[in-house]
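The values are calculated or read from the model by the stated rules, or taken from the named source; none is laboratory data. Everything numeric here is computed off the predicted structure, so don't read it as measured data. Quick reminder, even Gly has a Cβ in these numbers, built from the backbone with ideal geometry, and neighbours come from all protein chains shown. Accessible surface areas use protein heavy atoms only, side chains included; no ligands, DNA or RNA. Shrake-Rupley method; radii C 1.70, N 1.55, O 1.52, S 1.80 Å.
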Amino acid sequence: MGTSGSKGMDGVGGLGSAALAGGGGDGMGGDEGGGAVTGSWHGGAQLYVSLKMENARIIGDLVPHVYGSEPIIGSWEPARALAMERELASMWELSFVVPPDHETLDFKFLLKPKDSETPCIIEEGPTRLLTGGMLEGDVRLANFRLNGDDELLEFRVFNKADIVSPLDLAASWRVYKENFQPSKVRGIPDISINEAPTHATEDGSGSSLELDLEHYVVPAPTAPPTEYAANLAATPASLDQPEAPWTNDMLLSDGIQSPRSAAADFKDDSYHNKDTEASVADSSNSKKLQVSGMVESKSVGTLIQLQKKDKPQGLYVDRGVVSPKLGKSFSACSLASGLNFGSTKAMPEAAGAVAAAAVADRLHGSKEDRKLAIVLVGLPARGKTFTAVKLTRYLRWLGHETKHFNVGKYRRLKHGANQSADFFRPDNQEGIEARNEVAALAMEDMIDWMHGGGQVGIFDATNSTRKRRYMLMKMAEGNCKIIFLETICNDRNIIERNVRLKIQQSPDYADQPDYEAGLQDFLERLTNYEKVYEPVQEGSYIKMIDMVKGEGGQLQVNNISGYLPGRIVFFLVNSHLAPRPILLTRHGESLHNVRGRVGGDTVLSEDGELYSKKLANFIEKRLKNEKTATIWTSTLQRTILTATPIVGFPKIQWRALDEINSGVCDGMTYEEIKKIMPEEYESRKKDKLRYRYPRGESYLDVIQRLEPVIIELERQRAPVVVISHQAVLRALYSYFADRPLREVPDMEMPLHTIIEIQMGVTGVEEKRYKLMD
């Protein structure tokens, strides 16, 4: 006879379907009744049977029960009925194990309190029959009459049977004995959304979490920098050293022309670079692709969705990307949004983030050994410095040695911060030479830094004339590859906003108390630049045209190839300045947290369940006006259970958000690891960033698998709540806070705390809320 039970203490049947279904590949189950499980029976295989009832409206303390013949209960007395266990807020389950050739079981459902015999309400209709693990007939509903005949309470009934071997049963029992709880989230799809109830509270009281969210604010241990973005660029090394005499024939030791010599080549305004011009793709013959939110890799003809304005949809996400290694490059192609492309089938929206690596692969070939210089081009107040800061942060986070060189910072140190608009006049030859000089100094510093091991330099300046750009190209010959990144903005409202921020934050106007006077001076400076501005048409370039708002813009790419340039293109395609909050939080406290064990897939502790309710209440208040927000969790049940009380928002599961894989150490305490595997313990202690658990992951592995998540977070225009794990959130937080990778393993990421990251035109701001101690 089989063993039954609503809890694991009563027998194997209480372990839960996820734990016991691992060997059930030979059988088939259904969720609406139907034929019995049939198939080949080997080695004493058993049937693991699951009965579930669902109804969101439970009256008082009534709990679904089962009573009937053996081997389930063995009695038709309601007092001996077996209580079903709550799996979710609206789902109840009873599971048990029976032989495959078991006799027909007859039973019924009833409702009654757990610790009382009254009231007792028995379901209407005939006795239910279960044969071969499956219910017979049309058994999808269970009806109960409440208060006489006045009210009908209806439950949906689900039934599933899996074939399990004795080995599976033994393994599941061993897991249970080692304090693992059954999965409580089996059957939840990757995407789900709960309908908002009339009220959502922690303990039945709407005031249990105060409306004043500021009450829960706690100081951040290390807040991201909020100063003027250009000041965060590299400190000018060449200006910290005594100047040597400059001569036009002076060369650096490695054959690079000196900054003054390179700049001197451009005193003749009639200079024309024929070699460069000959290498430029003929824009009149270049095919431009204008696809609705798509990138086309012409080598394989694949369309990849970039932006979509529609509301969030239910989609399956993550699950990895494998793509061929192709050596094709973009040649004067255009990535646009806002146009239709017939009936072409697009990649799912959420899965588009996962294609970051795939797009990079399709643009590239093998990883390059050459150094890369991203040279910004554009008029003032077009978002160049903000783009430079974001790109620097992204590449650093991926592990590429990257540094931001801001020429304005060099100019202020060399010539002072109080230069008027006359300094930037196109007919001011002295001013032109001074600006070319500091640009050459910054370029020299960047190349010296690359020779010392740097990989990607972000060269931030207007670089608005072809002459200036040729000077930089000549200095870069034999040292690094240059890609021009031009930012173009035609939206007057955005330009005016950027101008205001410039006057308020730039050191150029720190000593100007009169805002209107500063504004007038800056507008004159802008006019001076506009008179001589020449759009990029030479070499390798990326043009960002009206990309600031994240929709309706265009990205033009010319002569781009290589692994890293491909990743940069995809990142820029998905970046925008639209302000929105990103909320990061760990799951509620789990049983493994209580026991100090690593990894696992345990359920929440009592404190963890309380936090899930507080979190739901917090999100309801914080995002009450954000109807397009989404909730992201890992696929582990402690994050899914934490998100369960949150209602009204789509919930998306990402495998990429799963906790760091601790391999053979999964389920152990650190003391056990130290005792059983002392060498592994010491290796981890010496270098937590690079240490990889045996058959598991390192922090660097986690960062690599999180890149699609970062791309998707950058692409999102609505708030996102990320419920994940300590190692994963450390890695994500380090991206937004622009923290060195070496600090990632030791970052503070406490339980029951929400980190709100506010992303927008002014940069990244952080606020923390601690809901529980």
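Identify, by number, the condition in (1) more than 17 Å from the chain's Cα centre (by Cα); (2) closer than 30 Å to Lys371 by Cα that Val573 doesn't meet.
That leaves (1) as the condition not met.
Going through segment 617-639 one residue at a time, which ones are assigned to a helix (DSSP H, G or I) and either outside the structural domain of Val709 (by the TED database) or surrounded by fewer than 24 Cβ atoms within 10 Å (Cβ to Cβ) (or both)? Quick ask: steps written out before the conclusion?
So in segment 617-639, the residues assigned to a helix (DSSP H, G or I) come out as 617-622, 637-639.
The answer is Asn617, Phe618, Glu620, Lys621, Arg622.
If I go through segment 64-87 residue by residue, how many of them are surrounded by fewer than 18 Cβ atoms within 10 Å (Cβ to Cβ) and at pLDDT 70 or above?
Within segment 64-87, residues that are surrounded by fewer than 18 Cβ atoms within 10 Å (Cβ to Cβ) and at pLDDT 70 or above number 9.
List every residue pair whose Cβ atoms sit under 7 Å apart, with the two residues 6 or more apart in sequence or on different chains, where the first one lies in segment 514-526 and is at negative phi and the second, anywhere, is open to solvent by less than 40 Å² (accessible area, probe 1.4 Å) and outside any helix (DSSP H, G or I).
As it stands, the answer is Arg525/Pro380; Leu526/Leu379; Leu526/Pro380; Leu526/Ala381, since those pairs meet every condition given.
If you go through segment 692-707 one residue at a time, do you hit one that is in the same structural domain as Thr633 (by the TED database), open to solvent by less than 10 Å² (accessible area, probe 1.4 Å) and either in a strand (DSSP E or B) or over 26 Å from Thr585 (Cβ atoms) (or both)?
Looking for residues that are in the same structural domain as Thr633 (by the TED database), open to solvent by less than 10 Å² (accessible area, probe 1.4 Å) and either in a strand (DSSP E or B) or over 26 Å from Thr585 (Cβ atoms) (or both), one finds none in segment 692-707, hence no.
When segment 112-126 is examined, which residues are found to be more than 14 Å from Val157 (Cα to Cα) and in contact with a Phe, Trp or Tyr (Cβ under 9 Å, 6 or more places away or on another chain)?
Those that are more than 14 Å from Val157 (Cα to Cα) and in contact with a Phe, Trp or Tyr (Cβ under 9 Å, 6 or more places away or on another chain): Ile121, Ile122.
Based on what the data block shows, is Val389 surrounded by 22 or more Cβ atoms within 10 Å (Cβ to Cβ) and at pLDDT 95 or above?
On the way: surrounded by 22 or more Cβ atoms within 10 Å (Cβ to Cβ): yes; at pLDDT 95 or above: no.
No, not satisfied.
Please list, ordered by first then second residue, the pairs with beta carbon atoms under 6 Å, 6 or more apart or interchain, first in segment 670-684 and free of Cβ contacts under 8 Å to residues at least 24 places away in the same chain, second of a type in the set (D, E, K, R).
Tyr681/Lys674
What number of residues in segment 702-742 are modelled with pLDDT of 95 or more and over 22 Å from Asn574 (Cβ atoms)?
Of the residues in segment 702-742, 5 are modelled with pLDDT of 95 or more and over 22 Å from Asn574 (Cβ atoms).
Identify all residues within segment 604-658 that are more than 23 Å from Val702 (Cα to Cα) and of a type in the set (A, V, I, L, M); write none if there are none. Let's see the steps before the verdict.
So in segment 604-658, the residues more than 23 Å from Val702 (Cα to Cα) come out as 604-629, 644-650.
Matches in segment 604-658: Leu604, Leu610, Leu615, Ala616, Ile619, Leu623, Ala629, Ile646, Val647.
Of the conditions (1) over 26 Å from Leu472 (Cβ atoms); (2) open to solvent by less than 10 Å² (accessible area, probe 1.4 Å), Gly596 fails just one. Which one is it?
That leaves (2) as the condition not met.
Rundown of residues vs (1) within 27 Å of Tyr693 (Cβ to Cβ); (2) among the aliphatic types (A, V, I, L, M), yes/no style:
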| site | (1), (2) |
| --- | --- |
| Leu604 | yes, yes |
| Glu609 | no, no |
| Glu620 | no, no |
| Lys627 | no, no |
| Trp632 | yes, no |
| Thr639 | yes, no |
| Gly648 | no, no |
| Leu657 | yes, yes |
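Can you report the number of residues in segment 586-616 which are touching a helix residue (DSSP H, G or I) at 6+ places or on another chain (Cβ under 8 Å) and part of a strand (DSSP E or B)?
Number satisfying all stated conditions: 3.
Within segment 717-746, count every residue that is open to solvent by less than 10 Å² (accessible area, probe 1.4 Å) and either over 25 Å from His576 (Cα atoms) or of a type in the set (A, V, I, L, M) (or both). Steps first, please.
Taking segment 717-746 as the starting set, the residues that turn out to be open to solvent by less than 10 Å² (accessible area, probe 1.4 Å) are 719-725, 727-729, 731-737, 744-745.
Retained after the next criterion (residues that are either over 25 Å from His576 (Cα atoms) or of a type in the set (A, V, I, L, M) (or both)): 720-723, 725, 727-729, 731-732, 737, 744-745.
Qualifying residue count for the region: 13.
Condition check ((1) within 12 Å of the chain's Cα centre (by Cα); (2) among the aromatic types (Phe, Trp, Tyr); (3) not in a strand (DSSP E or B)) across all residues:
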position: Ile710; (1), (2), (3): yes, no, yes
position: Pro745; (1), (2), (3): no, no, yes
position: Pro750; (1), (2), (3): no, no, yes
position: Glu756; (1), (2), (3): no, no, no
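Can you name every residue in segment 93-116 that is open to solvent by 20 Å² or more (accessible area, probe 1.4 Å) and outside any loop (DSSP other than H, G, I, E, B)?
If the condition is that a residue be open to solvent by 20 Å² or more (accessible area, probe 1.4 Å) and outside any loop (DSSP other than H, G, I, E, B), then Glu93, Asp106, Lys108 are the ones that fit.
Would you pick out the residues in segment 404-424 that are touching a helix residue (DSSP H, G or I) at 6+ places or on another chain (Cβ under 9 Å) and surrounded by fewer than 19 Cβ atoms within 10 Å (Cβ to Cβ)?
Within segment 404-424, Leu413, Lys414, His415, Ala417, Asn418, Gln419, Ser420, Ala421, Asp422, Phe423 meet the criteria.
If you check Val377 against the conditions, is it among the β-branched types (Val, Ile, Thr), modelled with pLDDT of 85 or more and more than 27 Å from the chain's Cα centre (by Cα)? Give the steps one after another, and end with the answer.
On the way: among the β-branched types (Val, Ile, Thr): yes; modelled with pLDDT of 85 or more: yes; more than 27 Å from the chain's Cα centre (by Cα): yes.
Yes; evaluated as a whole, the condition is true for this residue.
Taking the conditions exactly as written (at pLDDT below 85 and open to solvent by 30 Å² or more (accessible area, probe 1.4 Å)), does Thr127 satisfy them or not?
Working: at pLDDT below 85: no; open to solvent by 30 Å² or more (accessible area, probe 1.4 Å): yes.
No.
For Glu714, are the conditions met, namely being open to solvent by 40 Å² or more (accessible area, probe 1.4 Å) and not polar (S, T, N, Q)? Walk me through it before giving the result.
On the way: open to solvent by 40 Å² or more (accessible area, probe 1.4 Å): no; not polar (S, T, N, Q): yes.
Criteria not met by Glu714.
Would you be able to tell me the number of residues in segment 394-418 that are part of a loop (DSSP other than H, G, I, E, B) and within 33 Å of the chain's Cα centre (by Cα)? Step through it out loud before you land on a result.
Step one: list which residues in segment 394-418 are part of a loop (DSSP other than H, G, I, E, B), which gives 398-401, 416-418.
From what is left, the residues that are within 33 Å of the chain's Cα centre (by Cα) are 398-401.
Total satisfying the criteria: 4.
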